Amino acid sequence: MIDPHSIFFDFNLPNATTWFYFSSLLTVALFFKFSRLLSIRNLDVLALPLLVPGLLLLRESDGENWFGYLWLLIGSAYLLFRCFLDLSLVTRPALAPNLNFGGLAWLAGALFVCLIAVAVRQPKENGEGSRTPVVMDQVQQQGEQLLQKQGVTADLDVKFWAPRILALACHLAVVLGLVFVGGWHFQDWHSGMAAATLYLLLPYTALDITQWHHVWPMAFVVWAVFSYRRPTLSGALLGLAAAAYFPLVLLPVWISFYWRRGAGRFALAFGLTGGACLAIAVGTVAINPSVQSALSLPDWWPLLKPIGGTRGLWQDMHWAYRMPLFIGYLALLGITALWPSPKNLAHVLALSAAAILGVQFWYADQGGTYILWYLPLLLLLMFRPNLSDRNPLPIQRETDWLWRLARWIGRAFRRIVRGPAPVVRVG
């Protein structure tokens, strides 16, 4: 028999600082091209982990460190510049990772198992980051109450396990999406696996491993990128992601991407799924009117004073600081919707990441800390090849299912309006 208290079972997870140092070293070993020092890939490899010190400062001071938020927003400004710089990088050399596909797949699987251990062993009091959106919090609470009424929670701590299981499932969806986007649209499964491995390796994923409300919208966004050749499906996925509010800022870029190539059906699908999510939100308010004031979204609307307890770079300043930043951000969204035109998949990746990064500067509560909101898009940006030929397919009316359905409905409607044909009597 093996003693459960044996030294071989005395395993302790690394703390955030240790994870930062070792993941940075491993990131350089796997993805830094020592044979080509002056490359944009090397700059990305060195820049991606540099936001972690800001997060560590906030964890040490319980989110009250002014310099930590400043560090994060300066880093976010550089990443925003990097997104716009990518618009000019049409061609780039093919730089494969320093480990083959099988090795990266093995490492990604091992890292995901480690993240499961992090999620399971993370204490409840340390698993809370920023506030959960009100509607999601209410839905979660109602689900817990329903399970409790059915007696499911007798031997199971739903409040502990449900967010962790949901978060891990969303992280797995993001990882698989990165792999399939790389293999299907980049035509390089090696790059897709590299993006997925780096997503699991970077400390941002481990630090917010239980924050399911940070990662589930990006799971839909990544698969919307994978489905970009089907505007109806992409619109539906982005509409589902828009339940978390911030993916709404992607709508101008994506409609411009599909302009005259399926924009109408994309917008319709987005509106239907987004409307369904809105109906759920309205139903939540009807069931629990106490959340009505919270749904005024003061963190998202600069004309309103933020909720008490809001933390960020300008926490001791007047809330009106957000207005000029918000106006500038709206102007930025307008420019990205019009330029460049037409857009290819590389433009969509860069401008989508830029749109979410821009939110960090005016969002009231802990702006700069929501790195998982845009991290998958940055990784696709980092490993993408030349995508100038990745455009939405033109709509062929003869073979398109939606046009055939519309014609069938039109013929059926005309038959109903005209009524049955008159009976002709012979003789």
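What follows draws every value from the coordinates through simple rules; no lab data is involved. From a predicted model like this one, the values you see are computed outputs, not experimental measurements. As a convention, Cβ positions derive from the backbone with ideal geometry for all residues, glycine included, and neighbour counts pool all protein chains shown.
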Practice problem: Compute the FRET efficiency between Ile40 and Ala105 as 1/(1 + (r/R0)^6), taking r as their Cβ-Cβ distance and R0 = 22 Å, and round to the nearest 0.05. | Solution: 0.30
Quiz item: Karplus couplings for segment 387-395 from phi (6.51 cos²θ - 1.76 cosθ + 1.60, θ = phi - 60°), rounded to Hz, Gly and Pro as x?
Solution: 10, 5, 9, 8, 10, x, 6, x, 7
Exercise. Quote to one decimal, in nm, the extra length available between Leu176 and Leu89 on full extension: 0.36 nm per residue of separation minus the C-alpha distance between them.
Key: 28.7 nm
Self-check item: Proximal charge balance of Ile209 [Cβ under 11 Å; K/R count +1, D/E count -1]
Solution: +1
Practice problem: Kindly state, to the nearest 0.05, the FRET efficiency for Leu26 paired with Ala412, given R0 = 35 Å and r defined as their beta-carbon distance. | Solution: 0.05
Quiz item: Could you give the distance between the Cα centres of segment 314-335 and segment 173-224, to the whole Å?
Solution: 30 Å
Practice problem: Taking the Cβ of each residue in Phe81, Phe101 as the centre, tally the other Cβ atoms inside 10 Å and list the residues starting with the fewest. | Solution: Phe81, Phe101
Exercise. Any chance you could run the full-extension gain for Tyr245 through Asp62? It's 0.36 nm times the residue separation minus the Cα-Cα distance, nm to one decimal.
Key: 63.3 nm
